[in-house]
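Everything on this sheet refers to the single structure shown next.
The values are calculated or read from the model by the stated rules, or taken from the named source; none is laboratory data. Given the structure is predicted, the values throughout are model-derived calculations rather than measurements. Note that we place each Cβ from the backbone using ideal geometry, even for glycine, and neighbour counts take in every protein chain shown. Ligands, DNA and RNA are stripped out before the accessible areas are found, and what is left, the full protein with its side chains, is counted by its heavy atoms. Shrake-Rupley method; radii C 1.70, N 1.55, O 1.52, S 1.80 Å.
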Amino acid sequence: MKKIAFICMLAIMLSACGGGSKNNNYDYSSVPGNISSSAPESVRSSFPASISNSSSSEPSYTLIGQIAGVDRLAGIALDDKTFILSGGNSQTCCMGNFATSNQITIYSIDESKTLNIVTTTQMKVSRGEHNLTQLPSGNVFIQGGFNEARGNITDPGYYNDDLRELEIFNKSTNTTALIGNLPSKRFANQNIVDGNGNIVMLGGSSTTKFGDIYNEQNAELAKTAGEMKDYRAYFSIEKLSDGRFLLIGGLDETQNKELSSMEIYDPANQTFREAPISLLTPRFKQRTLTLSDGSILVVGGISNNTYNHTVEIINPNDWSVKSLTVSYDTNDSTIPADGELRYYQDSAIAMSQLSTNYILILGLKDSLLLDLDKQTLAPISEPIDYVNNGPYYHREAFKLSSNKLIITGGRGLTMYSSTSMLLFE
């Protein structure tokens, strides 16, 4: 995969991209101490008094359990108490020995924050950095990713990202089934669910500008009526208030060009049109979040072959875009003297709006609290096991409910994959 070596280097992976590969299916549930037997360990941070969660207490991280050490895994919530972790890459030594997993584990969390394994099963294809999308039926659509064992093992750091096989995880039977193959590969793409409950696969490392549409009810695969304006991988996508979708930035791999352009996908007629504005700075691998007022926050990413430290806000109501000049509001000694916003950079994994003004940015060693009014950032301490072995990149984070996030996996500078699972609420 063309971009792996570059991205690994940016993430300070040292020699972690090197080494041979072998296939090994890791069972998350077989690791001793998988479920924490002790009471959850909460790590409280100093948050502004205006932020509170449903229990009227300060938000906190809670270490709720352990998994087998993996990074680049995929997770998705099935409901507000149950979620899936699947696949990922594991490395047990600093000099390689990568392995891609096909394991799926379904977890549940009870009111006392106790983590329980509901069941385990396997995907038909071992995958990492893949997409999980929940269908209206409750089943989960599995697409894309890479497989270390299918790569060219004579080329260190090379992953095979041409995984065209599509799978469905059946929530009722806890089984997976292959449902067909894509006509061309898609990696680093985005999937959405349209108004009819279809999965629409857009962009990615692909040779086509058409999207692919999967209809679960008819078990049919078709292409979109229109084509994207640009080849676009490693981009972000947000749903607009009128039901259309905004495709933001990304990388045109056919020209190795970072994109500032945006385009709008209309699921009603399956067509694309260029957005009337562009980002102020071209970037890919950024993170975006639609805020409560409908504006879209754009954070981090890569520009000009280096980390992008800027923040932009898109307003789809009047199609305007502005830059935020963000600075730290703390004297924390861990912050670099030059003020570099290293915490979110390429390894920002998720964002969540805690209140009107405050945004949680999950990043590298520490996460950040962004004050939109003051345009300041404050680091948030995470549990000690993350800090000692971090910073962690290639972590996975997803919402379990409106005020709860699951954070797990990742790889630290020691090159060992993380085993911690955290709940943020």
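Points worth noting:
Let's see how each residue does on (1) at pLDDT 85 or above; (2) assigned to a strand (DSSP E or B):
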{"residue": "Ile64", "(1), (2)": "yes, yes"}
{"residue": "Ala68", "(1), (2)": "no, no"}
{"residue": "Gly75", "(1), (2)": "yes, yes"}
{"residue": "Gln91", "(1), (2)": "no, yes"}
{"residue": "Thr105", "(1), (2)": "yes, yes"}
{"residue": "Ser108", "(1), (2)": "yes, yes"}
{"residue": "Lys113", "(1), (2)": "yes, no"}
{"residue": "Ile117", "(1), (2)": "yes, yes"}
{"residue": "Thr120", "(1), (2)": "yes, yes"}
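- Scope region 213-227; condition surrounded by 19 or more Cβ atoms within 10 Å (Cβ to Cβ) and either modelled with pLDDT under 95 or out of contact with any Gly (no Cβ under 6 Å at 6 or more places or on another chain) (or both); matching residues: Ile213, Tyr214
- The condition (being on the phi < 0 side of the Ramachandran plot, touching a Leu at 6+ places or on another chain (Cβ under 9 Å) and modelled with pLDDT under 70) is satisfied by just one residue among Tyr358, Tyr386, Tyr307: Tyr386.
- Residues of region 244-260 that turn out to be surrounded by 22 or more Cβ atoms within 10 Å (Cβ to Cβ) and either more than 21 Å from the chain's Cα centre (by Cα) or without any contact (Cβ under 8 Å) to a residue 40 or more places away in the chain (or both), as a count: 1
- When Glu263 is tested against (1) open to solvent by 40 Å² or more (accessible area, probe 1.4 Å); (2) under 29 Å from Ile359 (Cβ atoms), only condition (1) is not met.
- Residue check, Asn191 assigned to a strand (DSSP E or B) and either at pLDDT below 95 or over 20 Å from Gln255 (Cβ atoms) (or both): yes
- Any hit, region 169-183, residues being open to solvent by less than 30 Å² (accessible area, probe 1.4 Å), more than 27 Å from Leu78 (Cβ to Cβ) and part of a loop (DSSP other than H, G, I, E, B): no
- Odd one out for Ser241, checked against (1) open to solvent by 20 Å² or more (accessible area, probe 1.4 Å); (2) touching a Ser or Thr at 6+ places or on another chain (Cβ under 6 Å): (2)
- Verdict on Leu377 being more than 23 Å from Met262 (Cα to Cα) and either in contact with a Leu (Cβ under 7 Å, 6 or more places away or on another chain) or at pLDDT 75 or above (or both): yes
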